[in-house]
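Here's the structure we're looking at; comments come further down.
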Amino acid sequence: MVDDNAEAAEALATYLSYEGVETRTAIGCGEALRCVRDWVPDVVVLDIMMPERDGFETAQALRTYLPTTNLGIVAFTSLDDDRVRETGTARHNFDGYCRKGTPPVALLALMQNLWR
């Protein structure tokens, strides 16, 4: 989970861990890149609106840095789906979209679909 709001990231990571998902949190792009040095996730849940490097730039950095083509990246944001699609999908950065405020079970289901 990459988000500039540490409390929100921890809350979501805690929920996912209760569901059996191995999680890590990162506050921004730099921390996300440091986190994946020693651990390659199957899915990254990524906020878009972050200072310094936004989610679009962070997704591109993760795709460039990680040596896997099986990485799923979910945009988890308050932005509407159309904005994310026109900006993010055009660059092939995101594999899924979940709006913040949606019940976490919906995000978990989306992540499970990406694992298959």
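Bear in mind that the values in this text are calculations on the coordinates, not laboratory data. Every value quoted in this text rests on a predicted model; they were computed, and no experiment measured them. Note that each Cβ is placed from the backbone with ideal geometry, even for glycine, and that neighbours are counted across all protein chains shown.
Quick notes on this structure:
- Look at the dipole of segment 6-115 built from charges on Cβ: of Ala106, Leu66, Gly30, the Cα furthest out on the positive end belongs to Leu66.
- Take every Cα pair under 8 Å whose residues are at least 6 apart in sequence, average their separation, divide by the length of the chain, and the relative contact order is 23 percent.
- Eigen-decomposition of the gyration tensor built on the alpha-carbon atoms of segment 1-46 gives equivalent ellipsoid semi-axes of 16, 14, 7 angstrom, largest listed first.
- Relative compactness, segment 6-115, computed as alpha-carbon Rg over 2.2 N^0.38 Å: 0.97
- Per-residue [θ]222 nm for the chain (sum of -39500 (n - 2.57) over DSSP H runs n ≥ 4, rounded to 500): -13000 deg cm²/dmol
- Here the residues Asp3, Asp54, ranked from fewest to most Cβ neighbours within 10 Å of their Cβ, fall in the order Asp54, Asp3.
- Simple rule: put +1 on each Lys or Arg Cβ and -1 on each Asp or Glu Cβ in the chain, find the dipole, and look at Thr77, Ala13, Pro41; the Cα lying farthest toward the positive end is Pro41.
- Here the relative contact order of segment 1-60, from alpha carbon pairs under 8 Å that lie six or more residues apart, stands at 37 percent.
- Net charge dipole, segment 6-115: roughly 200 debye, given to the nearest 20, about the Cα centre with Cβ charges of +1 for Lys and Arg and -1 for Asp and Glu.
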